[in-house]
Amino acid sequence: MTKLLSLFSLFLLISLSSAQTPPTAAHVELTNYGFPIGLLPSSVLNYTLNLSSGDFSVDFGGTCQVTLPPDNYLATYSKKVTGKIVKGQIAKLEGIRVWAFFKWWSITGIRSNDEDLVFEVGMVTAKYPSNNFNETPECEGKHSAS
């Protein structure tokens, strides 16, 4: 459990990346549902959102990697990230992984109450202040889908 909580602390470090490009419409849409823009890297090419069901898809055109300092943990966003969004909750999330403790960990959901974010990895959760995600990280590498 402690190792998983440490894993989630890696997401806090995303806020250390400075945003060099303005947020996309997908980033702005996150705020409409109560989430900070820093949950998505800046390299969004396209997104779709079904307003009735909340089903969404974000296309990066290739995998996007962000190295999280100071320990150089790697976060990878797949070519396409999908899920279901409603006010304060992202569920059925697929396409975001973090390499830590010799294993890839998939983030399966995120909840927000405007002040805090709760990240879900299966049945395990960890809570962090949402203001740590106010800036959009830049991709260090974009690669063909794998």
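Under 16 Å of direct C-alpha separation, and excluding same-chain neighbours fewer than eight residues apart, residue 79 reaches these aspartates and glutamates: 59, 94, 138, 140. Distance between the 7 Å Cα→Cβ label points at residue 46 and residue 84: 2.4 nm. What is the sum of charges, Lys and Arg at +1 and Asp and Glu at -1, for the other residues whose Cβ falls under 14 Å from the Cβ of residue 120? Charge balance near residue 120 sits at +3.
Remark: 120, 138 ranked as 138, 120, counting other beta-carbon atoms within 10 Å and listing the fewest first.
If you rank 124, 86, 98 by fewest surrounding Cβ atoms within 10 Å, what's the result?
Working: 124 15, 86 11, 98 22.
So the residues, fewest neighbours to most, are 86, 124, 98.
Would you mind ranking 60, 102 so that the residue whose beta carbon has the fewest other beta carbons within 10 Å leads the list? It would help to have the intermediate numbers written out before the result.
Values: 60 23, 102 5.
Starting with the residue having the fewest Cβ neighbours, the order is 102, 60.
Relative to the current alpha-carbon distance between residue 91 and residue 123, full extension at 0.36 nm per residue lengthens the span by 10.3 nm.
Fully extended, how many nm does the chain gain between residue 25 and residue 74 (0.36 nm per residue separation, minus their Cα-Cα distance)?
Details: separation 49, 0.36 × 49 = 17.64 nm, distance 2.55 nm.
Roughly 15.1 nm would be gained on extension.
Between residue 33 and residue 115, the simple spin-label model (points 7 angstrom out along Cα→Cβ) gives 2.3 nm.
Using a Förster distance of 25 Å, how high is the FRET efficiency between residue 140 and residue 102, based on the Cβ-Cβ distance and rounded to 0.05? Could the numbers behind the result be given before it?
Working: r = 21 Å, r/R0 = 0.84.
The calculated FRET efficiency here is 0.75.
No lab work stands behind these numbers, since they all come straight from the coordinates. These numbers were taken from a predicted model, which means no experiment stands behind them. Don't worry about glycine lacking a Cβ; one is built from the backbone with ideal geometry, like all the others, and counts go over all protein chains shown.
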